[in-house]
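Take a look at the structure below.
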Amino acid sequence: MPHSLNQTGIKACGTWKLSYRQFPSKLAVHLLKAPNTLLIEYKWKQISSNPLTSANAWDFLKQVVDWGSVHWVNSKIKSNTKNNVRLCLSTAKNHLAGPNPKIGNALAAVSNINGLGISFATKVVRFICPEHCPVLDKVIWQGMYMGCGANGSTPPTIANGGLKNYTSYVTDIKAIAQKMKKIPNPLGRPNGEWYPADVEMAIYAHLRGW
């Protein structure tokens with residue numbers, strides 16, 4: 001783990017600190033900056049309660065890409081057929097189902113959507129399963145790992161060990177979430193739980209100076 005955890009907060013390689021008590025306000029700020037977050041989560045729950053259709057899968061992917069606010073990704077994903085998107089998302093959904101989700105396999109499935117690098121692939125699995133999957137983009141990578149001996153300014157690609165790297169990152173985020181049990185989550189998750197996606201959003205907001 002590239003940071004230390006104690007009873008009051010986290011410290012990342014000596015470069016920044018964040019108190020657990022700051023997490024609720026940081027998460028709230030992130031939701032203000034990205035107001036469609038919960039709507040997209042709800043959208044996935046709606047469409048995934050039945051077998052995915054190609055139209056629903058494509059609309060969901062477009063919403064996630066728009067949420068990520070990187071416009072060139074929109075043009076790249078147009079090379080996919082809607083059925084290919086449906087197959088990739090359905091496979092990821094199956095890997096993430098149950099008490100022992102196969103997070104690396106799910107990310108690999110989503111990465112088969114043309115035009116998605118590892119950052120946007122993690123955004124997709126984040127919305128499929130926020131209970132287990134946080135986003136890993138260059139902001140998080142640089143803030144949590146780059147100053148701790150990690151190579152490169154962006155997360156490793158799938159071809160360069162990105163799946164193993166992502167699963168290790170998920171473990172790190174879940175360790176932080178375990179420390180948050182007594183901290184109220186403004187999202188009102190079941191049993192007051194902090195999902196890894198919630199933890200990541202708070203850290204992201206902090207790293208962006210929000």
Please report, ordered by residue number, the helices (runs of 4 or more DSSP H) entirely within region 8-77 with at least 3 residues that are modelled with pLDDT of 95 or more and either buried (at least 17 other Cβ atoms within 10 Å of the Cβ) or of a type outside the set (Phe, Trp, Tyr) (or both).
23-33, 37-48, 54-68
Name every residue in region 78-94 that is under 22 Å from Asn50 (Cα atoms) and either loosely packed, with under 14 Cβ neighbours inside 10 Å or among the polar types (S, T, N, Q) (or both), in order of residue number.
Thr81, Asn83, Asn84, Ser90, Thr91, Asn94
Within region 122-179, restricting attention to residues that are more than 26 Å from Leu38 (Cβ to Cβ) and among the aliphatic types (A, V, I, L, M), which residue is modelled with the highest pLDDT?
Leu163
Assess whether Ala177 counts as being free of Cβ contacts under 8 Å to residues at least 40 places away in the same chain and either out of contact with any Pro (no Cβ under 9 Å at 6 or more places or on another chain) or closer than 23 Å to Lys17 by Cα (or both).
yes
Residue tally, condition surrounded by fewer than 24 Cβ atoms within 10 Å (Cβ to Cβ) and farther than 25 Å from Thr53 by Cβ, over region 119-134
1
Complete set of residues in region 78-107 that are under 23 Å from Gly161 (Cα atoms), among the polar types (S, T, N, Q) and part of a loop (DSSP other than H, G, I, E, B)
Asn100
Exception for Ala97 within (1) of a type outside the set (D, E, K, R); (2) surrounded by fewer than 23 Cβ atoms within 10 Å (Cβ to Cβ); (3) in contact (Cβ under 8 Å) with a residue 24 or more places away in the chain; (4) under 24 Å from Leu39 (Cβ atoms) falls at (3)
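The values are calculated or read from the model by the stated rules, or taken from the named source; none is laboratory data. Note that the structure is predicted; figures quoted are calculated from it, not measured. Cβ sites come from the backbone with ideal geometry, for glycine too, and all protein chains shown count toward neighbours.
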